[in-house]
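Participant: Pasting a structure below so you can have a look.
The values are calculated or read from the model by the stated rules, or taken from the named source; none is laboratory data. Owing to the predicted nature of the structure, the values given are computational and were not obtained by experimental measurement. When we count neighbours, we look across all protein chains shown, and the Cβ atoms used for this are built from the backbone with ideal geometry, even at glycine.
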Amino acid sequence: MAVTLLVPTALRTFTDGKKELEIAATTVGEAVTALADTYPDIKKHLYEDSGELRSFINIFVGETNIKSTGGLGTAVRDGDTVMLVPAIAGGALTVNN
Amino acid sequence: MLILTRKIDAQIRTAGEDGYPNECCGALFGEADGDTRTVSEIFPIANARESDEQYHRFVITPEDFMRAELEARRQGLDVVGIYHSHPDHPAEPSEYDREHALPFYSYIIVSVEKGTSENLTSWELSADREKFTREVISWL
């Protein structure tokens, strides 16, 4: 059972420039673990030291955010598309400046 | 290095002025070749911050950014960066910008003073996420 994992441009530095990867997995967690095992340098950008997924990384199966479907335990089916999406935010002022 | 056209420059300035006094934001579509990114179009995205915070903050929802990524792929392009405006504030990244940035992307900031766009700059985050470095803009 294989899914297609879409890699955002910001993370392709760690996947030898590959935009997408075919990964055998039955859950989103398995797919992400396989990605991190294949490209260890990407781990620090995906996981906190505690092993939790970083808060600024979102994952979609198709167009559904896994936060609404069980997180990393979300089941995937053959042919599903899994997409890593970074959180984007910013602004002019902070409390300190 | 970031390669821009005057048309893209004008579109970002207009977005900043139209959004004033709030921050505008969007994705930069184009191509990346090593450390050089060429922007071929902008993809405006609604600022999803609470309305009373938009004058100094922007956020792009994961759903909106996912759609931007898919649209870029559909066009055979990549998301090579993000743009946003700083209303009545210099075109320099704040600590808040740095905390929420990612390496690789070009971060364009346009300052908008009293409704009129002023400086447009581009920045990239170091790989260790410690600091922003101003990026050279080359014009097509």
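Participant: When the range A:20-40 is examined, which residues are found to be among the acidic types (Asp, Glu) and within 12 Å of the chain's Cα centre (by Cα)?
Facilitator: Residues satisfying the conditions are A:GLU20, A:GLU30.
Participant: If a residue counts only when it is surrounded by 14 or more Cβ atoms within 10 Å (Cβ to Cβ) and at the interface with another protein chain (Cβ under 10 Å from one of its Cβ atoms), which strands (runs of 3 or more DSSP E) contained entirely in the range A:1-65 have at least 2 such residues?
Facilitator: A:57-61
Participant: Regarding B:GLU31, is this residue surrounded by fewer than 16 Cβ atoms within 10 Å (Cβ to Cβ) and either within 8 Å of chain A (Cβ to nearest Cβ) or free of Cβ contacts under 8 Å to residues at least 12 places away in the same chain (or both)?
Facilitator: no
Participant: Out of the residues in the range B:131-140 that are free of Cβ contacts under 8 Å to residues at least 60 places away in the same chain and touching a strand residue (DSSP E or B) at 6+ places or on another chain (Cβ under 7 Å), which is surrounded by the most Cβ atoms within 10 Å (Cβ to Cβ)? Talk me through it step by step, then tell me what you get.
Facilitator: We begin by selecting, within the range B:131-140, every residue free of Cβ contacts under 8 Å to residues at least 60 places away in the same chain; these are B:131-134.
Pick out the ones that are also touching a strand residue (DSSP E or B) at 6+ places or on another chain (Cβ under 7 Å) and you get B:132-134.
Working: B:PHE132: 19, B:THR133: 10, B:ARG134: 12.
Within the range B:131-140, the match that is surrounded by the most Cβ atoms within 10 Å (Cβ to Cβ) is B:PHE132.
Participant: Could you look through the range A:66-87, keep only residues that are free of Cβ contacts under 8 Å to residues at least 12 places away in the same chain and under 14 Å from A:GLY29 (Cα atoms), and pick out the one that is nearest to the other protein chains (Cβ to nearest Cβ)? Even if it seems obvious, please write down each step before you answer.
Facilitator: Quick first cut of the range A:66-87, residues free of Cβ contacts under 8 Å to residues at least 12 places away in the same chain only: A:67-70.
Keeping just the survivors that are under 14 Å from A:GLY29 (Cα atoms) gives A:67, A:69-70.
Values: A:LYS67: 8, A:THR69: 14, A:GLY70: 16 Å.
If we take residues in the range A:66-87 being free of Cβ contacts under 8 Å to residues at least 12 places away in the same chain and under 14 Å from A:GLY29 (Cα atoms), then A:LYS67 is nearest to the other protein chains (Cβ to nearest Cβ).
Participant: Can you say whether B:HIS86 is surrounded by fewer than 21 Cβ atoms within 10 Å (Cβ to Cβ), at the interface with another protein chain (Cβ under 8 Å from one of its Cβ atoms), of a type outside the set (D, E, K, R) and closer than 19 Å to B:THR14 by Cα, as far as the supplied structure shows?
Facilitator: No.
Participant: Can you tell which of A:ALA92, A:ALA31 is farther than 23 Å from B:ARG67 by Cα and either out of contact with any Phe, Trp or Tyr (no Cβ under 6 Å at 6 or more places or on another chain) or without any contact (Cβ under 8 Å) to a residue 40 or more places away in the chain (or both)?
Facilitator: Numbers: A:ALA31 fails: farther than 23 Å from B:ARG67 by Cα.
Going through A:ALA92, A:ALA31 in turn, just one is farther than 23 Å from B:ARG67 by Cα and either out of contact with any Phe, Trp or Tyr (no Cβ under 6 Å at 6 or more places or on another chain) or without any contact (Cβ under 8 Å) to a residue 40 or more places away in the chain (or both): A:ALA92.
Participant: On the given criteria, is B:GLY16 out of contact with any Phe, Trp or Tyr (no Cβ under 8 Å at 6 or more places or on another chain), crowded, with 16+ Cβ neighbours inside 10 Å, not β-branched (Val, Ile, Thr) and not in a strand (DSSP E or B)?
Facilitator: Yes: the conditions hold for B:GLY16.
Participant: Okay, moving on. Among the residues in the range B:53-72, are any in contact (Cβ under 8 Å) with a residue 40 or more places away in the chain and of a type in the set (Val, Ile, Thr)?
Facilitator: no
Participant: How many residues are loosely packed, with under 11 Cβ neighbours inside 10 Å and closer than 25 Å to A:LYS44 by Cβ if we restrict to the range B:105-130?
Facilitator: Summing the residues that are loosely packed, with under 11 Cβ neighbours inside 10 Å and closer than 25 Å to A:LYS44 by Cβ in the range B:105-130 gives 3.
Participant: Considering the range B:96-111 alone, what residues qualify as being more than 19 Å from B:LEU4 (Cα to Cα) and at pLDDT 90 or above?
Facilitator: none
Participant: Let me ask something else. If you take the residues in the range A:11-37 that are under 27 Å from B:ASP128 (Cβ atoms) and of a type in the set (S, T, N, Q), which one is modelled with the lowest pLDDT?
Facilitator: This residue is A:THR13.
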